[in-house]
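Take a look at the structure below.
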Amino acid sequence: MRGAGGKTSEDIAADRTEATHELPAPKWLPPWQQRHLASLALPASGDVRIWLPYTTSLGHRAAIGTMMPTATKPLWDGQRGCWTAPKGHFLTLSNKLLKRHRHLILGRQYRPGERCNARCKNAEGPYCTCSCRAKYHSRGRWMENFVTVNEFGTNYRNESWHWLVATSAR
């Protein structure tokens, strides 16, 4: 039977479950020390992926929404199981997440065969896919607010990812 808004009682129950249960970690997101951390993933193309631990779907939307400019709203990517935002917000989101969480995991997709060059080293922003895994990108200036706690790599669906566990430098 359909109620308000054309939803069935099963739809309404599913919405309540989603609102009150923790959003599971996406399959592409690796744990660190057997737990999942607040995370940002920067794919080679497309939007930044955002996931928060111990938070419901509605909690995600509210928390991420407070970190974004009011004109920009996070979007849900059901296929990847995370929220997304335009790439240009990567550093802002990472800095704000580090203020709220002790540790943050930053993922970057990279291309192992792409050699680091002057274009990478002299770049201004954090966007890089070469084999230096962004260590030399912009001469490392994009990481000035972070202290690296750990680094590791993963391969998910034939994509190479470099993960950096960070804490705030302040």
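Against the criterion of being touching a helix residue (DSSP H, G or I) at 6+ places or on another chain (Cβ under 7 Å) and either surrounded by 13 or more Cβ atoms within 10 Å (Cβ to Cβ) or in a loop (DSSP other than H, G, I, E, B) (or both), residue 58 qualifies.
Within the stretch 32-55, track down each residue that is of a type in the set (Val, Ile, Thr) and part of a strand (DSSP E or B). Spell out how you get there, then give the answer.
Just the residues of the stretch 32-55 that are of a type in the set (Val, Ile, Thr), to begin with: 48, 50, 55.
Within the stretch 32-55, 48, 50 qualify.
Taking the condition of being under 12 Å from residue 102 (Cα atoms), in a strand (DSSP E or B) and more than 16 Å from the chain's Cα centre (by Cα), how many residues in the stretch 149-170 meet it? Full working, then the answer.
Going residue by residue through the stretch 149-170, those that are under 12 Å from residue 102 (Cα atoms) are 149, 165-170.
Filter again for in a strand (DSSP E or B), leaving 149, 165-168.
Now narrow it down to the ones that are more than 16 Å from the chain's Cα centre (by Cα): 149, 168.
The number of residues fulfilling the criteria is 2.
Among the residues of the stretch 72-81, at least one is modelled with pLDDT of 90 or more, of a type in the set (S, T, N, Q) and either farther than 20 Å from residue 31 by Cβ or in contact with a Pro (Cβ under 7 Å, 6 or more places away or on another chain) (or both).
Of the set (1) under 16 Å from the mean Cα position of the chain (by Cα); (2) part of a strand (DSSP E or B), all apply to residue 64 but (2).
The values are calculated or read from the model by the stated rules, or taken from the named source; none is laboratory data. Values in this document were obtained by computation on a predicted structure and should not be read as measured data. Cβ atoms come from the backbone with ideal geometry, glycine included; neighbour counts cover every protein chain shown.
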